[in-house]
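Asks: My questions all concern the structure below.
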Amino acid sequence: MTKKILLLDDEEGLLDLLGDFVEDMGHEVELFSNPIAALESYKNASDDYKMIITDHTMPELSGLSLISQVRETNKEIPCILTSGTAFDEIESLTSSDANFYYLKKPYKKVNLQELLDKINC
């Protein structure tokens, strides 16, 4: 079975575009616009996923909160947080969590490709 990348963004237009980007790079994806549904899917089938890419600012559950809950059971899965906002927690996480990455919005397809190549997933 090929592992998928879990993609999460509450803006469906951006989510579809991101999904197309990542599929064009040769990865299978599963798209979510609801963070609660994404977290439930991850918890129910964590072995199906090789990476999580999530927006930070979403209703009900932020991207950082989602990653924090994933980290309770899996510290190895690469997680990419995307956001247009810079905040202090990012710096401490990028230095303390070897599998946490930050991609500042707006970004270009090439920025995402470089990060995925760096992670080597």
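Asks: Can you tell me which condition residue 121 does not meet? The list is (1) within 18 Å of residue 29 (Cβ to Cβ); (2) modelled with pLDDT of 90 or more, and all the others hold.
Replies: The failed condition is (2).
Asks: Next question. Check every one of the strands (runs of 3 or more DSSP E) wholly within segment 1-74 and list those with 1 or more residues that are within 21 Å of residue 90 (Cα to Cα) and touching a Ser or Thr at 6+ places or on another chain (Cβ under 9 Å).
Replies: Correct list: 4-8, 49-55.
Asks: Please go through segment 11-23 and pick out each residue that is modelled with pLDDT of 95 or more and of a type in the set (Asp, Glu).
Replies: Scanning segment 11-23 gives 16, 20, 23.
Asks: Right, here's the next one. Could you tell me which of the residues 98, 37 is among the aliphatic types (A, V, I, L, M) and more than 15 Å from residue 8 (Cβ to Cβ)?
Replies: 98
Asks: Also, quick follow-up: Of the residues in segment 49-71, how many are over 11 Å from the mean Cα position of the chain (by Cα) and more than 14 Å from residue 99 (Cβ to Cβ)?
Replies: 8
Asks: For segment 35-44, does any single residue satisfy the condition of being at pLDDT below 95, surrounded by 14 or more Cβ atoms within 10 Å (Cβ to Cβ), touching a strand residue (DSSP E or B) at 6+ places or on another chain (Cβ under 9 Å) and of a type outside the set (S, T, N, Q)?
Replies: No; the residues of segment 35-44 include none that is at pLDDT below 95, surrounded by 14 or more Cβ atoms within 10 Å (Cβ to Cβ), touching a strand residue (DSSP E or B) at 6+ places or on another chain (Cβ under 9 Å) and of a type outside the set (S, T, N, Q).
Asks: Further question on the same structure: With respect to residue 53, determine if the residue is touching a strand residue (DSSP E or B) at 6+ places or on another chain (Cβ under 6 Å) and without any contact (Cβ under 8 Å) to a residue 40 or more places away in the chain.
Replies: Here the answer is no, as residue 53 does not meet what is asked.
The values are calculated or read from the model by the stated rules, or taken from the named source; none is laboratory data. Bear in mind that the values here come from a model prediction, so they are computed numbers and not experimental data. With ideal geometry, Cβ positions are generated from the backbone for all residues, glycine too; neighbour counts draw on all protein chains shown.
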